[in-house]
Amino acid sequence: MIRRTPLSGRILPAFLTLSLMLGAPLQASGPVPQPAGNDERSLVREANRVLEEEIKLAAAAQIYLLLDLSARSLRIKGRGIELHRIEVVSCDAAGNEESWGGAYRLKARPVVERPKVQPVPGKEQNQEPAEPINLNDMPAEYLLQFDPGLLVNVGPPVGEHPWLWAKNRLREGWRRLSAWTGGTSGTQPPRRVLRLTLSPDQARSLAWAVTDGMPLLIGSATAP
Amino acid sequence: MAHLARTMAAAIACAGSLALAASHGGELPETGPPSASRDLPGKRSGESLDALRARQATLKRQLAQLAPKGHYIVVDTARNKLLVKRRDDTILDAVASTGSGTILDAPGKPGTRWVFDTPRGEFKVQSRLTNPVWVKPDWAFLEEGLGVPTDPAQRLEPGTLGDYALGFGKGYFIHGTLYRRLLGKNVTHGCIRLSDEDLRAVYRLSKIGTSVMIF
């Protein structure tokens, strides 16, 4: 019988997390798979696929995200109209999936602490709240979990923000470890992991924009 | 009495339905099914480049047809901006104030709380009011440390919302403000505030059914 001390209970997950953090990028990380063949026909076919998917999303009253791999941009859209554009520094895939086709729905996003209003006798309605939420309260590195089976890891460029980058990878490793060991009840290990490198400002902008259930479409939308 | 009736008719309950335990705003139900198909390129692998290009042109037309006809309103809650657009042209670029994102717990009522978010999603202008009168909801009294009045007349507050108000559902409105210095900040209880001039322009450019896209 193995006796688990509190210390070993901490060291083992920490070791595994560190291994995952460092090992995962070497294991199966690389550019997101592009359509087979780089010939014009394949690119137009892929752009058509994205258009077909987008038409389904744009038919409903909703705001959705389109990650355009060819244009390195993440667009916030509604009814086919671009409302806002987030510039992507780089986008890498970790996993063995060959396709990123289809649309995903946001299942979990970072929790932002909301300030509580304290009733104040005599307070006027139009007075400025003490601590309203703004963009700077949003995180610059975080995980977004989508259905079915997609984890999007948003983080800064390693060269510019090494500490944030390391924190981000550690978070991803922990999440994957938790899923694999069943530590997160009801959570299946993600089949796909997408690493999205954004500047801290753009990452905060995305964290603000996403809402529960928001659809995400991934593909190369720009045909030559 | 007739005056009171007219007043009530023009009165609005600004963001009065915020108490619906909205954990994060009050988004409209998303009616479209999530696209779950995972069909990959290749099902028409034999198509020629010309055929693919022709199909692309058709798809682009189909997508363009889903865009709002005429003017539409875009609200950027992160940067507190309101745009009125027509196709790709920006007709009006206004500084706005949107939801503060704060929480008010109802005193003495555990589990009852208001989340002061501007709802995100696509909405439609449902009402266009002139000289609106604010019907103060419960939270407005509780926030001031006051009791909620039983007499509905005590909830009426004329002059607070400016000359116009555009309702886009669930008690949320685009309206004016007495406090211009707060424009550009996240300070509201969920409604969208504009300056008098911008509000007038938005009122003039919109109609019932105008799309309001909020992100």
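The values are calculated or read from the model by the stated rules, or taken from the named source; none is laboratory data. What you are looking at is a predicted structure, and each value in this text was computed from that prediction instead of being measured. Backbone-built Cβ (ideal geometry, glycine too); neighbour counts: all protein chains shown.
Overview of values
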| quantity | calculated |
| --- | --- |
| Residues within region A:86-114 that are assigned to a strand (DSSP E or B), farther than 20 Å from A:Ser205 by Cβ and within 11 Å of chain B (Cβ to nearest Cβ), tallied | 2 |
| Some residue of region A:55-69 being at positive phi, facing chain B (nearest Cβ under 7 Å) and at pLDDT 90 or above | no |
| Hey, A:Ala71 under 19 Å from the mean Cα position of the chain (by Cα), in contact (Cβ under 8 Å) with a residue 40 or more places away in the chain and not in a strand (DSSP E or B) or not | yes |
| Qualifying residue in region B:189-200 (condition: touching a Lys or Arg at 6+ places or on another chain (Cβ under 8 Å), more than 30 Å from B:Gly108 (Cβ to Cβ), of a type in the set (S, T, N, Q) and within 9 Å of another protein chain (Cβ to nearest Cβ)) | no |
| Answer residue from region B:57-77, given it is assigned to a loop (DSSP other than H, G, I, E, B) and without any contact (Cβ under 8 Å) to a residue 12 or more places away in the chain and is farthest from the other protein chains (Cβ to nearest Cβ) among those | B:Lys69 |
| Strands (runs of 3 or more DSSP E) (entirely within region B:155-208) containing at least 3 residues that are touching a residue at least 24 places away in the same chain (Cβ under 8 Å) and within 23 Å of B:Glu122 (Cβ to Cβ) | B:164-169, B:172-175 |
| Only listed residue being more than 10 Å from every other protein chain (Cβ to nearest Cβ) and within 27 Å of A:Leu57 (Cα to Cα), chosen from B:Thr112, B:Thr118, B:Thr98 | B:Thr118 |
| Test: residue in region B:119-127 that is surrounded by fewer than 24 Cβ atoms within 10 Å (Cβ to Cβ), more than 15 Å from the chain's Cα centre (by Cα) and assigned to a loop (DSSP other than H, G, I, E, B) | no |
| Filtered residues of region A:189-220 (kept if within 11 Å of chain B (Cβ to nearest Cβ) and of a type in the set (Gly, Ala, Ser)) | A:Ser205, A:Ala207, A:Ala209, A:Gly213, A:Gly219, A:Ser220 |
| Residue, farthest from A:Met214 (Cα to Cα), within region B:164-188, restricted to residues that are away from chain A (no Cβ under 14 Å) and out of contact with any Gly (no Cβ under 6 Å at 6 or more places or on another chain) | B:Tyr164 |
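One line per residue, one yes/no per condition, for (1) modelled with pLDDT of 90 or more; (2) in a helix (DSSP H, G or I):
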site	(1), (2)
A:Arg3	no, no
A:Phe15	no, yes
A:Gly37	no, no
A:Arg45	yes, yes
A:Lys77	yes, no
A:His84	yes, no
